[in-house]
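Have a look at the structure below before the remarks.
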């Protein structure tokens, strides 16, 4: 049995870095902030989980200043594990707590590239989970994500939930990571939940999205939709460089701890300084809800055969950075954002120009993507076949094969005895951490 405990989210002042060594300045500040936050928050229930806001180590100068990707990878990105995670590990040991944090980090097998990586440390100071952000803040963030090198990633890690949305089972529950803009896409939260997550880190989000309540609405919806806790600390004051004297409240406060019903159990609106948010997490209550609730226990009712139709064709181009560094802001806006907007606007209107858009994609991403996009358009607009003769002429046999994603949900069930089960019994297997492909297949 897991007793209720307090989770704390740090809302730190941060100084942007020019080189990796500058991170030490932010680490020193975080040590002081943890001390205050843990001491006062533990006056309720013991603090077992401490979440550091995204950007707490390095800030966001690579994005704000549109820095060269390779230079930042060489001079500012960290290693995980590395000296920075060792410093955080000492904090974990001191407070006997799990730590959730984030950093722009290198991959040991990919030269001159950095990723946005969320990671979790146990109370022994060991890195027990790494999650590579799959949905960067696309207009401005330079991080490579797994989808940008998808073919390589699948060959290296496999095509499964753990490869993209890992979850770690711990003494305080099953923990996962969903950073910042990842929470803007419901699929990321659902993937974590289907992989067993109970407590999910979701930080940080900039103003005006916070002041306009987008951060809160998204975070509460993800918690409610998936019956899981969301720990969502935002950033505090941002100084552009270590010696800078002008503070900027870039993020607008609004930090939360949210329970599995989407209710806020910890809130901190202040953001123009250094502070923290705390709230109680009750894993046993969550598990009981997932096991016995008949209505708002949503995932037991997923009609996956219907929903998979939404994702049978590609929308955003994969493998963009297999053979090149990420684009800077202007190039990305011209070559990707504007074309994606045109593509989707055409979809909404029911009109499109297959050859024109496919030709643009051909120039940027190569022949295979151009052909894939033609196939994508033909499929999306098959309802217009009678009125758009061009669709009849396109050879659909040249469309790329699309893997059936229904089996993606099978990790949701494993190692349970074969037996006749009802829908609620099946979902109890998930709650208990017992999942079985065989059981799912037997029922289906």
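A short reminder: the numbers here are calculations on the coordinates, not readings from a lab. In this text the structure is predicted, and so the values were computed from the model without any measurement. Please note: Cβ atoms are built from the backbone with ideal geometry, for glycine as well, and neighbour counts cover all protein chains shown.
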With r defined as the distance between the Cβ atoms of residue 93 and residue 338 and R0 fixed at 60 Å, what FRET efficiency is calculated, to the nearest 0.05?
0.75
Could you check the spin-label model distance between residue 214 and residue 312? Points 7 Å from the Cα along Cα→Cβ, value in nm.
3.2 nm
Considering only C-alpha atoms, what is the centroid distance from segment 1-44 to segment 284-352, in Å?
33 Å
Where q = 0.11, 0.14, 0.19, 0.25 Å⁻¹, what log10 of I(q)/I(0) comes from the Debye formula for segment 274-351, counting one point per Cα?
-0.71, -0.85, -0.89, -1.25
log10 of Debye I(q)/I(0), alpha-carbon scatterers only, for segment 214-308 at 0.19 Å⁻¹:
-0.88
Please state the Cα pair-distance histogram of segment 11-92 with 5 angstrom bins from zero: what percent is in each bin?
3, 13, 23, 23, 16, 10, 7, 3, 1, 0
Relative to the compact-globule scaling 2.2 N^0.38 Å, provide the ratio for the alpha-carbon radius of gyration of segment 74-220.
1.04
Counting each pair of different Cα atoms once, what's the Kirkwood radius of segment 29-148 in Å, rounded to one decimal?
15.1 Å
P(r) weight above 13 Å for segment 253-315, C-alpha pairs, percent
73 percent
Calculated FRET efficiency for the pair residue 269/residue 2, C-beta based, R₀ 30 Å, to 0.05
0.50
With no solvent and one equal point scatterer per Cα, compute the Debye intensity ratio I(q)/I(0) for segment 5-297 at 0.08, 0.11 Å⁻¹ and report its log10, rounded to two decimals.
-0.29, -0.57
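For segment 5-297, what proportion of DSSP beta bridges, expressed in % and rounded to the nearest 5, is antiparallel?
Details: 33 of 51 bridges.
Given both bridge residues lie in segment 5-297, the antiparallel proportion sits at roughly 65 percent.
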